[in-house]
Amino acid sequence: MKERAGAVTFMGNPLTLVGDPVAEGSPAPAFEVLANDLSPKGLDSFKGKTLLISSVPSLDTPVCDVQTRRFNQEAAKLSKDVKILTISMDLPFAQKRWCGAAGVEAVETLSDHRNASFGMEYGLLIKELRLLARAVIIVDRAGTVRYSQLVKEITQEPDYNSALEALKKLTKGCGCCG
């Protein structure tokens, strides 16, 4: 697998990402992660939905907490045709506990801990930490990547406005967003 040294930083220290980054306009790569009930989920599980995928290192960190809560608030404004997923390396049990404590119900949390399938397929696996890089990816109903934002410094939040604007443009006129 391809490695990209210095693709992201943690507190200014360069880290290596494993895998090729996804490109806008390309088919979204297949992946397999675990739902909170330990059932396997993949890209095929969300066929016909527009997806906003929020990739975070760990829900138990301040920035990931803020990012997931923010997208949870935004998800409440969307129809069932748009799904927001948060994918991390956290164990499904920890994700379920975190969601309960945080009151997060509109975002679906998924775990990549078993085989790092999502991280490697989307070029977001941090080699040195075996965590996911912070990123936002939007996949349209046909399974094409329409937006990709890799956050260079993983201790910083993503550009929410840019991601949400891309989502609105993609879903404009579909009747799925308010």
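Rounded to the nearest 500 deg cm²/dmol, what is the calculated helix-only ellipticity per residue at 222 nm for the chain, with -39500 (n - 2.57) per DSSP H run of length n ≥ 4?
After summing the helix terms and dividing by the residues of the chain, the value is -7000 deg cm²/dmol.
Kindly put Ser79, Ser26 in sequence by how many other C-beta atoms sit within 10 Å of each C-beta, fewest to most.
Ascending Cβ contact count within 10 Å gives the list Ser26, Ser79.
How big is the antiparallel share of DSSP beta bridges in the chain, given as a percent to the nearest 5?
Taking every DSSP beta bridge with both residues in the chain, the antiparallel ones total about 70 percent.
Would you please give the FRET efficiency between Met11 and Ser162, computed as 1/(1 + (r/R0)^6) with r the Cβ-Cβ distance and R0 = 25 Å, to the nearest 0.05?
It comes to 0.60.
Hey, how many Å between the Cα centroid of segment 61-124 and the Cα centroid of segment 4-44?
If we compute the Cα centre of each part, the gap is 13 Å.
Using a ≥ b ≥ c from the Cα gyration tensor of the chain (square roots of the eigenvalues), is it rounded, prolate or oblate, where a/c under 1.5 gives rounded and otherwise the larger of a/b and b/c decides, a/b for prolate?
rounded
Each value in this text was obtained by applying a stated rule to the coordinates, not by laboratory testing. Quick caveat, the model's predicted, so the values are computed rather than measured. All Cβ positions, glycine included, derive from the backbone under ideal geometry; neighbour counts span all protein chains shown.
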